[in-house]
Structure formats: C-alpha cells, structure tokens
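Throughout, read-outs are computed from the coordinates displayed, never taken from laboratory work. It should be emphasised that the depicted structure is a prediction, and the values quoted were computed from it without experimental measurement. Cβ placement follows ideal geometry from the backbone for every residue including glycine, while neighbour counts extend to all protein chains displayed.
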Amino acid sequence: MNGLKVGFLLIALTALFIAIGYFLGGSQGMVIAFGLAVVMNFVSYWFSDKIVLAMYRARPATEQTDAKLIRIVRMATQRGGLPMPKVYVIPTEAPNAFATGRNKDHAAVAVTEGILRLLSSDELEGVIGHELAHVKNRDILIGSIAATIAGAIGILASMARWGAMFGGFGGRDDRDGANPIALLVMAIVAPLAAMVIQMAISRSREYKADRIGSAISGKPLALASALEKLHHAPVRLNLDQRPATAHLFIANPLSGRGLANLFSTHPPYQERIKRLQELAMTGVPLA
C-alpha cells in the first residue's frame, strides 16, 4: 500500500509540474517542466531525508554531547530488531521528533533540543519507540517524499508569481496570454496539492506507531505522558506556513486554526493517550 502511495505522489508531482509548465510557457514550458519533474522525482526518492534534515538544520548526534539519546536509540533498535539509524538533534526549543529515510537500512531519527530537556528518560524512550515504529512499519519513505513535495509546490507557486509579473517565460505558442490564468491556477492548485499530500498520509499510521512503539519500548504510559507534555508545551513548532511537513512529527505542529489543520494527519492527542492507557491495562502486543 505504501508503495502505491509513493508512486501516486511521484506521478502527481510530475503532472503538476507539466501542467504549470504549460500554463507558463506552452509546449516549451511543458518540456522544461517535465525535465524539472524528472529531477525532482529522483531527488525526492533518493535524497528526501537529507533535504528534510537540512530544512530543520539538524546536526548529527555525538557520543560526547548526546550520549543519553544515542544509548536510548541503540537499546530501542535492539528491542525492535532494527538496524541502528542515524541520530540527529534539531536546534530548537520546540519539543518534537520525527523519523525519515528510504527504508530501515537508510533511516534517521531526529529529536529537538527542546524534547531532550522536557521529557524524562522513560518518556523519551516512548517517543523513540514511536519513531522506530514508523521505520519498522516502512512508512518513512512516503513521509519524506511528501515533505520534499512541499518544497516543490513552493517552487511552482514562485514560478507562477514571477511569470505573471514579467509576462511569462516567452515560450507560449497560443495567443490568449495565460499569465493571469497561471497565477489563478497556482492560487488554487498549490493549497489543494498540499491538502492532497496530507490526505495521502493516513492518520491511522499514528495509532499503529503508538501501539508498535509501545511494544518496542515496553512503556505505553510513558509515551502517553510524553504526548501530554508535548501538547501542552509552552513552545510550539508552528508549521502553518508549510503544513505538508507537519505529518513527519510525533506531535502535531499546526496551530489548530484554519485550513492548515483541516486535513491534519494527526489524530486527537486525547484519543492517542486513551488508547495507550488501554494498552497498558490489557498488555502491550508484540511488535
């Protein structure tokens, strides 16, 4: 199923680039846009994790400064039967975390400085277990590609704006002049594309990651406590301006207002906590 989603996103990206290329430059614009789409597809698949990590200025964790974090990740990977992923720290006080990469052999786990300060060791183990569950469930590739496509959508919007301002790219082979149309199309397509990307990321995967992550850590109540703390943290990583990357994080970084949260990929944190408490009472299933 995740393979189908990856294919859908790559095809949708190609079609979007070609369509906008036509509006901006006619047949010549389509050719240029197709070439750009091919490059973006290649980059999305092979380098989306590096792009996302660079986007948040993540630095590699080291034994000298992040020994506790590395130890927790190493223990969790051993319990989950996974290869040791690369570990990164994001320089922000907003507490959050995400996993990224093509597959379990090329995975990375990133946490913020804020989450390291906010959570206890048990709570951090719960969060790391959740992120490794995304790796184990093999759904990190689609999340990474979706985040990369968010940047591509920004490129398309910028192309349309500049094309409308400066009379297009001079390559249109019709006479009606489509710069205003291109601008209108981008005004409609860009936010819709971001929403479609979010809709492609199932909210159910968070429940599954909570469950399997609890099996990895053995601490569902610690994860529930972590989610509570993350929701009420005084500093939030607000991504309302780029909502298509919000699905990467364990805690919803959207403000909860407007269209940015309409297609939220995160279930209500209260329901997640309730299910984790039920797991603790009935016993955590094997991962």
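Out of the residues in the range 84-107 that are under 14 Å from the mean Cα position of the chain (by Cα) and in a strand (DSSP E or B), which is nearest to residue 233 (Cα to Cα)?
First, the residues of the range 84-107 that are under 14 Å from the mean Cα position of the chain (by Cα): 96-102, 107.
Filter once more, so that each one left must be in a strand (DSSP E or B): 97-101, 107.
Numbers: 97: 14, 98: 17, 99: 21, 100: 24, 101: 27, 107: 27 Å.
So, considering only residues that are under 14 Å from the mean Cα position of the chain (by Cα) and in a strand (DSSP E or B), the one nearest to residue 233 (Cα to Cα) is 97.
Just one of 64, 28 is assigned to a helix (DSSP H, G or I) and more than 25 Å from residue 212 (Cβ to Cβ); which is it?
Numbers: 64 fails: assigned to a helix (DSSP H, G or I).
28 is the lone residue from the list that is assigned to a helix (DSSP H, G or I) and more than 25 Å from residue 212 (Cβ to Cβ).
If I ask for residues that are touching a Phe, Trp or Tyr at 6+ places or on another chain (Cβ under 8 Å) and buried (at least 21 other Cβ atoms within 10 Å of the Cβ), which ones from the range 78-99 would you list? Quick ask: steps written out before the conclusion?
So the first thing to find is which residues in the range 78-99 are touching a Phe, Trp or Tyr at 6+ places or on another chain (Cβ under 8 Å), and the list is 90, 92, 96-98.
Result: 90, 96, 97, 98.
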